[in-house]
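Presented below is the structure to which this report refers.
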Amino acid sequence: MSKTRILTGITTTGTPHLGNYVGAIRPAVAASRDDNVESYYFMADYHALIKCDDPARIARSRLEIAATWLACGLDPDKVYFYRQSDIPEIPELTWLLTCVTAKGLMNRAHAYKASVDANTAAGEDPDAGITMGLYSYPILMAADILIFNAHKVPVGRDQIQHIEMARDIAARFNHLFGAGREFFVQPEALIEESVATLPGLDGRKMSKSYDNTIPLFEGGAKKLKESIARIVTDSRLPGESKDPDSTALMPIYAAVASHAETVEFRTALLDGLGWGDAKQQLFERLERDIAPMRARYEELIAQPARIEEILQAGAARARAIGAPFLAELREAVGLRSFRPVVEKKTVAAATARLPQFKQYREADGKFYFKLLDADGRLLLQSDGFDSPKAAGQSIASLRAAASLASVADGYALGPDVSAAEVEQALAALAQ
Ligand code: TRP
């Protein structure tokens with residue numbers, strides 16, 4: 001059975017905070033360890049350009065976000081981890097999709113509509129300050145998803161509409177150019193109900209826009225401690241019973257601690273633990289998880305060239321999937337080569353002209369192989385092997401050998417066949 005493909009993009013503006021870690025990074029890293037899924041995690045740096053025209057900030061943020069994901073345990077050999085801007089097939093597909101996307105569909109996008117409404121309310125031109133990047137944002141996002149035919153897309157609620165648009169666009173393309181073939185699968189949004197959003201220092205949702213975040217790594221343990229000190233509590237004194245639900249301390253603690261630890265913390269607050277001591281406990285509990293990751297983060301961020309290498313390797317692997325798919329899509333819309341199409345038959349005939357290894361089993365229960373030339377003449381006959389694997393290994397060593405003398409036993413030459421002829425046949429196979 002083929003694996004479920006899960007894909008999500010991380011817009012590279014800003015620096016990851018504890019809320020990003022608990023709500024997105026940690027569950028994604030856990031999901032990526034599941035052998036039944038194929039995960040694609042990428043830095044949506046083209047999307048970042050829509051929101052930010054500060055080059056230094058863009059550059060810094062994509063490095064920090066890459067280092068954060070790696071430090072938090074994402075294994076780049078097990079998942080596809082890349083930058084959107086390293087995959088030229090994504091903007092190419094964006095254009096193919098742009099040409100089949102109804103303008104009316106984009107008019108309905110929440111983010112665009114919100115900007116228009118704000119402009120109208122302010123008495124401005126409805127499109128004041130709105131770029132084509134913002135307007136076409138959902139098409140670029142559809143291309144991100146469709147180039148790898150992702151089945152599931154974990155996103156926040158604000159992104160559900162974009163996934164629906166990707167489905168619409170995919171269906172339209174399939175209908176116009178598929179000729180009965182479904183080029184694109186219909187992606188589904190995956191909303192993690194169980195992952196609660198973390199409250200910030202003031203108790204509202206932790207978010208950059210509220211300026212109430214606890215940074216994950218930035219500023220080190222010192223900054224972590226200072227942030228925790230700013231968590232809003234009431235004025236109850238040590239010894240007085242506290243309402244654990246009156247402050248963000250409790251849910252933040254619960255987000256990292258075990259159930260037993262959480263119960264203990266809650267009881268201690270009810271029993272009069274001072275806010276200062278409670279903050280110290282929270283700091284120590286967070287630090288237990290964060291400190292080792294922070295050390296990896298510092299190490300990575302000090303070696304940007306290493307991160308570059310990891311991302312380039314990720315992009316190469318992803319392109320190995322995306323590029324042949326895009327070639328089919330170009331073909332489908334009519335962007336075809338003028339060179340005459342090589343007949344499939346000709347290719348088959350060319351393959352048939354090569355020497356061949358044939359493996360088989362004899363009545364004695366042993367496993368054999370022979371090497372035949374293009375006309376079926378016996379060049380080489382193997383001895384019997386106890387397993388197909390052993391026979392296969394012998395074939396492999398023959399294939400790898402430059403001279404037959406280096407694989408002296410396990411076979412005999414066919415009648416009237418010279419070693420040079422066999423070596424020539426092996427060389428032809430190696431082409
Ligand atoms: N728009 C998404 C966000 O702001 C980020 C994103 C870009 C994305 N491309 C994507 C998410 C593709 C999922 C799939 O959160």
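None of the figures in this text is laboratory data; all of them are computed from the coordinates on show. Predicted model only: the values in this text are computed from it and were never measured. Backbone-built Cβ (ideal geometry, glycine too); neighbour counts: all protein chains shown.
Here is how the numbers come out for the structure above:
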| read-out | value |
| --- | --- |
| Spherically averaged projected area in nm², based on the convex hull that wraps the Cα atoms of region 350-430 | 5.2 nm² |
| Members of Lys78/Lys208; Lys78/Lys358; Lys113/Lys208; Lys113/Lys205 lying beyond 28 Å, as alpha-carbon distances in this model show | Lys78/Lys208; Lys78/Lys358 |
| Built amide H within the under 5 Å cut-off of Ala189, gap 5+ | Val153 |
| Debye, to nearest 20: dipole size of region 4-197, +1 on Lys, Arg Cβ, -1 on Asp, Glu Cβ | 100 debye |
| Set of aspartates and glutamates with alpha-carbon distance to Lys223 below 12 Å, sequence-local pairs under 8 removed | Glu287 |
| Calculated SAXS-style log₁₀ I(q)/I(0) at q = 0.27 Å⁻¹ - region 189-264, Debye, Cα scatterers | -1.36 |
| Under 17 Å from Lys152, Cα to Cα: lysines that are on another chain or at least 8 residues apart | Lys3 |
| Dipole of region 208-293 [Lys/Arg +1, Asp/Glu -1 at C-beta], most positive-end residue of Ile252, Ala268, Ser209 | Ser209 |
| Exposed-site-free run, longest, the chain (rule: GluC sites (Glu not before Pro); DSSP loop; at most 13 other C-beta within 10 Å) | 1-123 |
| Net charge over other residues, Cβ less than 15 angstrom from the Cβ of Asp117 (K, R count +1; D, E count -1) | -1 |
| Among Pro355, Pro244, Pro88: highest mean-square fluctuation, GNM of the chain, C-alpha pairs under 10 Å | Pro355 |
| Dipole of the chain, positive direction: furthest Cα of Val29, Asn149, Thr12, with charges on the beta-carbon | Asn149 |
| Value of relative contact order over the chain, rounded to a whole percent, pairs C-alpha under 8 Å and six or more apart | 14 percent |
| Percentage relative contact order, region 268-388, counting C-alpha pairs under 8 Å, at least six apart | 11 percent |
| Estimated dipole of region 1-106 in Debye, rounded to 20 [Cβ of Lys and Arg +1, of Asp and Glu -1, Cα centre] | 260 debye |
| Convex hull volume of region 119-187 per residue (C-alpha atoms, cubic angstrom) | 106 Å³ |
| Fraction of the pair-distance distribution of the chain above 41 Å, Cα-Cα pairs, percent | 41 percent |
| Region 145-302 - Rg (one decimal) and Dmax (whole number), Cα, Å | 22.0, 75 |
| Helix-only [θ]222 nm of the chain, DSSP H runs n ≥ 4, -39500 (n - 2.57) each, per residue, nearest 500 | -15500 deg cm²/dmol |
| Net length gained if the chain between Lys208 and Ala102 were fully extended (0.36 nm per residue, minus Cα distance) | 34.8 nm |
| Charge dipole of the chain about the Cα centre (unit charges at C-beta), most positive-ward option of Phe338, Ala425, Cys52 | Phe338 |
| Globularity index of region 19-73, i.e. its alpha-carbon radius of gyration over 2.2 N^0.38 Å | 1.29 |
| Assigned charges on the beta-carbon of Lys, Arg, Asp, Glu; region 350-430 dipole about Cα centre (debye) | 320 debye |
